[in-house]
Amino acid sequence: RLEVSGTPRSGDTEFEYRVLVANGRGSDPDFIANVGDLNNGKAASFLLSVKPAGSGLRLGASGYFDSIPVSSVSTREKIFGAFLSYDRTGFDLLAEVSRIDHETEGTSAEVLAAYVQASTRVRDSRFYYRFDILNFDGVSPFFGPRADTRAHTLGVRWDVADFAALKVEYGSEKVTGQ
């Protein structure tokens with residue numbers, strides 16, 4: 001694994017960059033290639049973000065590129081993402097969207113994944129709502145057939161110690177297609 005990263009400043013604005021070359025994915029989503037890559041290529045990724053001073057806002061973009069040895073052929077994977085976080089006086093807003101493209105011998109599949117989460121702190125409790133969406137366009141040779149999903153989560157979290165929390169959540173999920 002080779003990584004170059006930094007957090008340079010320009011005035012009161014903080015920037016972050018990260019470029020990484022490492023072992024790629026394994027042949028299925030549960031396999032982790034720790035010791036070596038399963039093909040001759042390495043995976044590459046990048047992250048860029050900006051955090052304007054005093055705003056509580058952070059914006060960024062990322063990318064990931066790999067060649068996955070799914071069977072006797074490789075699947076080219078490209079992931080592009082964007083994110084936003086806002087943290088100001090007890091109110092948090094998080095949002096992220098990712099587009100995953102898989103291409104194998106002329107066939108392709110696209111996955112769109114996103115979430116938005118808002119929360120507010122009241123004394124030692126944090127109340128939150130989260131919406132998740134997962135759309136599959138085509139059958140990915142890596143993920144296989146999957147269903148589109150929409151999920152809502154409503155919860156409260158109590159920080160009972162520095163490294164311990166208690167959470168109560170209610171969620172609903174709608175799964176369509178397969």
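The condition of being farther than 26 Å from Leu59 by Cα, open to solvent by less than 70 Å² (accessible area, probe 1.4 Å) and of a type in the set (D, E, K, R) holds for only one of Asp92, Asp101, Asp159, Asp137, that being Asp159.
Quick grid of which residues meet (1) over 19 Å from Gly81 (Cα atoms); (2) at pLDDT 90 or above; (3) surrounded by 14 or more Cβ atoms within 10 Å (Cβ to Cβ):
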residue	(1), (2), (3)
Arg9	yes, yes, no
Leu20	no, yes, yes
Gly24	no, no, yes
Phe31	yes, no, no
Gly54	yes, no, no
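Is it fair to say Gly171 is modelled with pLDDT under 90 and farther than 26 Å from Leu47 by Cβ? Judged against the criteria, Gly171 is not a match. Summed over region 85-126, the residues that are closer than 29 Å to Thr176 by Cβ, more than 16 Å from the chain's Cα centre (by Cα) and not in a loop (DSSP other than H, G, I, E, B) give a count of 8.
For region 68-88, the criterion of a residue being out of contact with any Asp or Glu (no Cβ under 8 Å at 6 or more places or on another chain), more than 20 Å from Lys42 (Cα to Cα) and open to solvent by 60 Å² or more (accessible area, probe 1.4 Å) is satisfied by at least one position. Just one residue in the set Gly63, Gly54, Gly90 is among the small types (Gly, Ala, Ser) and touching a Phe, Trp or Tyr at 6+ places or on another chain (Cβ under 8 Å); that residue is Gly63. Residue pairs whose Cβ atoms lie under 8 Å apart, sitting 6 or more positions apart in sequence or on different chains, and linking a residue in region 157-178 that is touching a residue at least 24 places away in the same chain (Cβ under 8 Å) and under 30 Å from Pro145 (Cα atoms) to a partner that is among the small types (Gly, Ala, Ser) and surrounded by 10 or more Cβ atoms within 10 Å (Cβ to Cβ), are Glu173/Ala151; Lys174/Ala151; Val175/Ala147; Thr176/Ala147; Gly177/Ala147; Gln178/Ala147. Scanning region 140-156 for residues that are part of a strand (DSSP E or B) and open to solvent by 100 Å² or more (accessible area, probe 1.4 Å) yields a single hit, Leu154.
The values are calculated or read from the model by the stated rules, or taken from the named source; none is laboratory data. Please read all numbers here as calculations on a predicted model, not as lab measurements. Reconstructed Cβ throughout: ideal geometry from the backbone, glycine too, with neighbour counts over all protein chains shown. Areas reflect the complete protein model, heavy atoms only, side chains present, ligands, DNA and RNA absent. Shrake-Rupley method; radii C 1.70, N 1.55, O 1.52, S 1.80 Å.
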